[in-house]
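Nothing in this text is a laboratory measurement; each read-out follows from the coordinates by a stated rule. All of these numbers come straight from a predicted model, not from anything done at the bench. Neighbour counts are summed over all protein chains in view; Cβ atoms, including those assigned to glycine, are modelled from backbone coordinates with ideal geometry.
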Amino acid sequence: MVTINSDATYDPWAKIYNDYWGLRYCKHILPHFEELLQQYNVHQGANILDLCCGTGHMAQHLIEQGYQVTGLDISEGMLQYARENAPRAKLILDDARFFNLPSTFHAVICPSGSLNHMMNVEDLTKVFAKVYDSLLDNGVFLFGLTLEDGYKSWNATISDGDVKDDFAWACCDSYNPETKIGQFKITIFQKVEESWQRLDINNLIRGYSRTEIVTALESVGFTNVNIYDREGNVADAEYNLHVIFSGRKQSK
């Protein structure tokens, strides 16, 4: 058996995301984002940027609802699947911290919690600034994020996985509440000819507080910042798990 080590990139586990998580996340998360888009008067025909679009399941669903969708992701592996899953979407390979798109979007969404992969407030603020610049005046930014308490269930046990004749994988999550850093480990075994290859992937995440997120949003110009729970209801002050943030770009 050959063992291959991987750094914290997303290409090696694009197949897992596509086959096991992409559609599941879309079904569970996107309906609440759609309701919020309607509340913010982002209707059919609007131009939406799907930030960190992954394998394109959410982009395709939005296109089917009548939106114009651009997907942006840092992983070419993810985008290869997105081209198949969302053939009518415009797809862009770029880093969420550094992309430059004209101010043409009525809304930018990032539903799946991808921004927890930004490991410090400085990088997160860079993302927020790029999103702000890409929005039309009065445009809305909606994104999912896991706050600090939402990672307390990450206790270094296997959380997901599957075994097939030529492919097996397992996911193990852990979180340190003192450093606010979590590890998202995936081990993949794939049969190649008569031997098995092992691939170990370790991605890091960061848990944030409400105050850190709101301060960063407001620092780049967002106004009317609101916080919702995962179901799209206004979150009370004590709720500190999986949330949806919204912010408006100021009208000139």
Exercise. Pick out, in residue order, every one of the chymotrypsin sites (Phe, Trp or Tyr not before Pro) in region 208-252 that is DSSP loop and has at most 16 other C-beta atoms within 10 Å; say none if there are none.
Key: none
Self-check item: Cα Rg, Dmax, region 1-130, angstrom units
Solution: 14.8, 55
Quiz item: Tell me, what ³J(HN,Hα) does each residue in region 236-244 have, in order and in whole Hz, if you take phi through Karplus 6.51 cos²θ - 1.76 cosθ + 1.60 with θ = phi - 60° and put x for Gly and Pro?
Solution: 6, 5, 8, 6, 9, 10, 9, 10, 10
Quiz item: Using alpha-carbon pairs under 8 Å, 6+ residues apart, how would you state the relative contact order of the chain in percent?
Solution: 20 percent
Quiz item: Under 21 Å from the Cα of LYS152, which lysines turn up, not counting those fewer than eight places away in the same chain?
Solution: LYS180, LYS185
Quiz item: To the nearest 10 degrees, how steeply does helix 76-85 sit against the main Cα axis of the chain, on a 0 to 90 scale?
Solution: 70 degrees
Quiz item: Per residue, how much space in cubic angstrom lies within the convex hull of the C-alpha atoms of the chain?
Solution: 123 Å³
Quiz item: GLY232: net charge of surrounding residues, Cβ under 15 Å, Lys/Arg +1, Asp/Glu -1, itself excluded?
Solution: -3
Practice problem: For LEU23 and ASP95, compute 0.36 nm times the residue count separating them, minus their Cα-Cα distance, and round to one decimal in nm. | Solution: 23.6 nm
Exercise. Please label the shape of region 150-206 as rounded, prolate or oblate, based on the square roots a ≥ b ≥ c of the eigenvalues of the alpha-carbon gyration tensor (a/c under 1.5 means rounded; beyond that, a/b larger than b/c means prolate, else oblate).
Key: prolate
